[in-house]
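This report concerns only the one structure given below.
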Ligand code: NAI
């Protein structure tokens, strides 16, 4: 792998859900590697704060409020990103929410449609809007963030698990469909990671879960996932596509 193949310098990346957790870490690493970063999030103020932080460190970025469950907003923001940076090379579909409900809960339909729309439909919308621009890139990359809940499952988490398993299917199908064009489409499945999504879980419960379930015996840090996501986007990562990579401290490998 030559230095040019490892460089993200000057490439433009759209990160969804970049105000917090793994999205934020991913945006910061891309910026540190010289990419132009579109910091987007449903939480517009949060995105602005991340962009301010990146700019203060000398990175190149701009922030946009973007709800991935709103297709017209996606079109507007992608257009603005291309106007700002002159193109779009990389899409990181990271935005996410959680939502637990037993299958017979009265509000199950609400939970289902909310999770499917943000976690799954939003990903294909972002990809479809970005595609004409990715097709003009010399190094087009898509990384979709799923979860180990796509590979195993937890009770009361069926809507989330279905959405995330959908992300792995979407990833494989689009990898096959777009491979001849040199567009890679891969999927990262984080295990238990310390982010906004898991911060409400009491520390003791987190530690107990991590000791019992992971090989590493601990929760992961957002940047431990973000580094893998970013690696999949290097120009040199041109022959890996359609894969689903757990970054889970050995959770999926562990039986006992
Ligand atoms: P987080 O809560 O720290 O960050 C998620 C971000 O997504 C937030 O900034 C939030 O405002 C944004 N967001 C929520 N709905 C949105 C929408 N409709 N449009 C745009 N942005 C929206 O959570 P975390 O953990 O960093 O989540 C990142 C991804 O990782 C998600 O897809 C999540 O499902 C996934 N994941 C998280 C795990 C964990 O243990 N934290 C484990 C496995 C997967």
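Read the figures in this text as sums done on the coordinates, not as results from a lab. Keep in mind the model is a prediction, meaning the values are calculated, not measured. Ideal geometry is used to build each Cβ from the backbone, glycine not excepted, and the neighbour counts take in all protein chains shown.
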*Quick one: grab the alpha carbon gyration tensor of segment 44-100, order the square roots of its eigenvalues as a ≥ b ≥ c, and give me rounded if a/c is under 1.5, else prolate or oblate depending on whether a/b is larger than b/c.*
oblate
*Would you mind getting me the FRET efficiency between residue 55 and residue 212? Use the beta-carbon distance for r and R0 = 45 Å, nearest 0.05.*
0.60
_Whole angstrom only: what separates the Cα centroid of segment 158-180 from the Cα centroid of segment 199-251?_
19 Å
*Relative to the longest principal axis of the chain, what angle (0 to 90°, nearest 10) does the C-alpha long axis of helix 44-56 take?*
60 degrees
*GNM top mover of 107, 93, 186 - the chain, alpha-carbon springs below 10 Å*: 107
*So what's the angle, to the nearest 10 degrees on a 0 to 90 scale, between helix 203-213 and the longest Cα principal axis of the chain?*
90 degrees
_Nearest 10 degrees is fine. How inclined is helix 158-178 to the longest principal axis of the chain, computing both from alpha carbons?_
30 degrees
*Quick one: work out the % antiparallel among DSSP beta bridges in segment 106-256, nearest 5.*
0 percent
*Please work out the Cα center distance from segment 36-102 to segment 109-133, rounded to the nearest Å.*
15 Å
_Least to most buried among 64, 112 (fewest other Cβ within 10 Å first)_ = 112, 64
*Rounded, prolate or oblate: which fits segment 148-221 when a ≥ b ≥ c are the square roots of the eigenvalues of the alpha-carbon gyration tensor, with rounded for a/c under 1.5 and prolate only if a/b beats b/c?*
prolate
*FRET efficiency estimate (nearest 0.05) - Cβ-Cβ, residue 71 to residue 138, R0 25 angstrom*: 0.35
*Extension reserve of the residue 198-residue 9 stretch, reckoned as 0.36 nm per residue once the Cα distance is removed*: 64.8 nm
